[in-house]
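Coordinate-derived values only; no laboratory data. Not measured: the values here are computed from a predicted model. Cβ placement follows ideal geometry from the backbone for every residue including glycine, while neighbour counts extend to all protein chains displayed.
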Amino acid sequence: MKIFSGIRPSGNLHLGNYLGAMQQWIKLQNENDCVFCIVDLHAITTPYKPGELKKHILDTTAVYLAAGINPEKSVIFVQSQVKEHSELAWLLETITPMGELKRMTQFKEKSEQHKDYVNAGLLSYPVLMAADILLYKTDSVPVGKDQEQHIEFTRMIAKKFNQKFGDTFKEPASMILKEGAKIMSLTNPKKKMSKSDEPKSCIFLFDTPADITKKIMSAETDSGKEVIYNVTKKRGISNLLTIYSLLTGKTTADLEKEFKGKGYGDFKKSLAEVVVQYLEPFRRKQQEFATRESYLEEILKQGQSRAQIIAQATMQEVKQKMGLI
Ligand code: AQP
């Protein structure tokens, strides 16, 4: 199978990015052709500091490697370094109905979040994402729940293109995990954990043990006492149970038994230890990669060459089908 996925280098990556998306990538790369992109052109659709972008790109590359993405097996590259992404996005824009873009949940949420930064790029974000995916003739896209609507949109565009210009693209499926597809914010468990939210709402993959412990101990929970999984009545504690379960392999039912009769404090303390231990290799590898910028750049250069070969072939086919010379 051909797999494509990406992450915006818009800040430090968090447990949601890892548990919802990246954890799937590691398993998939052993048996599939995987392309993992650092989608910087998407990152600039929301407020950002130009002086920090390169650091975020290299940090995201370091996280990919620290998480276990093997650059010998998978293609790792930066979106803006393969110009075919922007080129195909423009061509797909010409067959995209405006109404489809305006109804996208992410557009509505981000426009609300950044009222003075509502740009055309934010509106056409799903078209660029469709181009990212379709360029590689992708079968499946492992993502978190929030991206499901964009994959549906990609299928719609692929179908429309094929009907209009002849069979060219596969209609890709989304791969969304049953558990972990939507890790919630620690400070407001009604919202998903997001990089651009306040730092104490997120557990970042490179957080120090002290920060992790502080954030978990102050995570919002309901007024009850029992450690019980119930996403409607106990959102906060259920979110923490999901994280505990995904990091240890224990079921939430087992965890309920283990913490029966103990309060939230004991449970959070134990979870903090689990998270600190789980993320220890990330911190170690980050320190290692921090001094190896040229190594990261070399990985990205090699990825760029490999991605370009596939992207250029698709673009040639697309242009010919659309009647361009
Ligand atoms: N909270 C989450 N739970 C599970 N999966 C998540 N993903 C994001 N948040 C969660 C998945 O991570 C991948 C990369 O996401 P992204 O960085 O490209 O964009 P995003 O979804 O907009 O992530 P953030 O953290 O919310 O970033 P900002 O704040 O910059 O917008 C995707 O597969 C996503 O589903």
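Things worth noting here:
- Helix 148-165 vs. the chain, principal-axis angle (Cα, 0 to 90°, nearest 10): 10 degrees
- Candidates per GluC sites (Glu not before Pro) in the stretch 213-291, loop by DSSP, up to 16 other Cβ within 10 Å: GLU226
- Panel order for THR251, THR314, by other beta carbons found within 10 Å of each beta carbon, from fewest to most: THR251, THR314.
- Rounded tilt (10° steps) of 235-248 against the dominant C-alpha axis of the chain: 80 degrees
- Distance in nm between pseudo-label sites at ASP222 and GLU72 (7 Å out along the Cβ direction from Cα): 5.0 nm
- Proxy reagent accessibility, fewest Cβ within 10 Å first, across TRP25, TRP90: TRP90, TRP25
- Loop-located trypsin sites (Lys or Arg not before Pro) in the stretch 250-322, at most 10 other Cβ atoms within 10 Å (DSSP): LYS260
- Qualifying trypsin sites (Lys or Arg not before Pro) for the stretch 24-88 [loop in DSSP, other Cβ within 10 Å: at most 15]: LYS73, LYS83
- Ellipticity estimate at 222 nm from DSSP helix runs (n ≥ 4, -39,500 (n - 2.57)) divided over the chain, nearest 500: -16500 deg cm²/dmol
- Förster-model FRET efficiency, 25 Å R0, THR208 and SER305, C-beta, rounded to 0.05: 0.10
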